[in-house]
1. So in segment 228-264, with the set limited to residues that are basic (Lys, Arg) and touching a strand residue (DSSP E or B) at 6+ places or on another chain (Cβ under 8 Å), which one is surrounded by the fewest Cβ atoms within 10 Å (Cβ to Cβ)?
2. Hey, among 172, 148, which residue is at pLDDT 95 or above and in contact with a Gly (Cβ under 6 Å, 6 or more places away or on another chain)?
3. Can you confirm whether segment 56-75 contains a residue that is touching a Ser or Thr at 6+ places or on another chain (Cβ under 9 Å), crowded, with 21+ Cβ neighbours inside 10 Å and assigned to a strand (DSSP E or B)?
4. If you check 140, 65, which single one turns out to be more than 30 Å from residue 188 (Cβ to Cβ) and of a type outside the set (Ser, Thr, Tyr)?
5. For residue 189, only one of the following conditions fails: (1) part of a helix (DSSP H, G or I); (2) modelled with pLDDT of 95 or more. What is its number?
6. Checking residue 100 against (1) more than 17 Å from residue 197 (Cβ to Cβ); (2) at pLDDT 95 or above; (3) under 14 Å from the mean Cα position of the chain (by Cα), only one condition comes out false. Which one?
7. Please count how many residues of segment 110-143 are surrounded by 18 or more Cβ atoms within 10 Å (Cβ to Cβ) and farther than 20 Å from residue 243 by Cα.
8. Which of the residues belonging to segment 116-145 are hydroxyl-bearing (Ser, Thr, Tyr), within 18 Å of residue 196 (Cα to Cα) and either under 25 Å from the mean Cα position of the chain (by Cα) or modelled with pLDDT under 90 (or both)?
Amino acid sequence: MTKSYKMAVLAITAVIIISIIFFVSKSQKNTNSVMNDALIVGISPDYPPFEYTEDGKIIGFDIDFIHELGEKMNKKIEIREMEFSSLIPSLNSDKVDVVISSISKNSEREENVSFSDPYYTSKFAIIMANDTDAKMLDDFPKNAKIGVQTGTTMESFVNSYNDSSDKPLKIVSMGSNFLLIEKLRLGEIDALIVEDAQAPSFIKNIPKLKSEPIEDDVYIDEEENSYVIGVKKDSNLVDELNKGIESLNADGKIELLLKKWGLR
């Protein structure tokens, strides 16, 4: 094999390698461009009227809200369904861009996640049997079984009560409120703590259950009761989201959605 032949082979090989790198790079840029036009949203659809499944479709206040926000940001919304406890891990593993499911911020979450400005302030309610008379956690006997969804502010709320009470309650934590409602219906737990606006949806077809607003304000952190959108720590999306939320508030669209879903 002559020296000139070797040089020609090396030159052709170099051209092929450079061409491959060029097309791969171009392909990645095109993919990123598509991804930048979309907002992948993690949702846990078991929080009526905020997000829930009806006739095979995820609907609710948060769903309408995030689509309105997507329009403000010129982003196409793509929903990814998962359990509530998987939302933040999915965010930090880049499976989704944002998470929204009646999420509130607290000091523990803020270590790993950044949050938008609040878009809704919630209140809590107790769901219980009709023959149970309670308006606050202190009305329950020691070791009463109280259901909460795993990883929620409701769980933090009962934990805060237990830390300062001489008759602590037994927390029954599960990934789905629907599973907890079934446990309550069967008498396996004594009560369930949920968002006040959600309570009517959970009990509307279960005559033996009722709900009451919670009066234990001393254990409720107002900031932790405000719903926000979660993004990866220090993400540039925070500013975009906040501008969109501000615009939706100014347009009166958030208020219209709140009325549509019975939250006003």
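1. Ranking the candidates gives 233 first.
2. Result: 172 is the single residue among 172, 148 that is at pLDDT 95 or above and in contact with a Gly (Cβ under 6 Å, 6 or more places away or on another chain).
3. No, there is no match, as no residue in segment 56-75 is touching a Ser or Thr at 6+ places or on another chain (Cβ under 9 Å), crowded, with 21+ Cβ neighbours inside 10 Å and assigned to a strand (DSSP E or B).
4. Criteria check complete, one pass: 65.
5. (1)
6. (1)
7. Within segment 110-143, residues that are surrounded by 18 or more Cβ atoms within 10 Å (Cβ to Cβ) and farther than 20 Å from residue 243 by Cα number 8.
8. Across segment 116-145, the qualifying residues are 119, 120, 121, 122.
The values are calculated or read from the model by the stated rules, or taken from the named source; none is laboratory data. Keep in mind it's a predicted model, so treat the numbers as computed, not measured. Note that we place each Cβ from the backbone using ideal geometry, even for glycine, and neighbour counts take in every protein chain shown.
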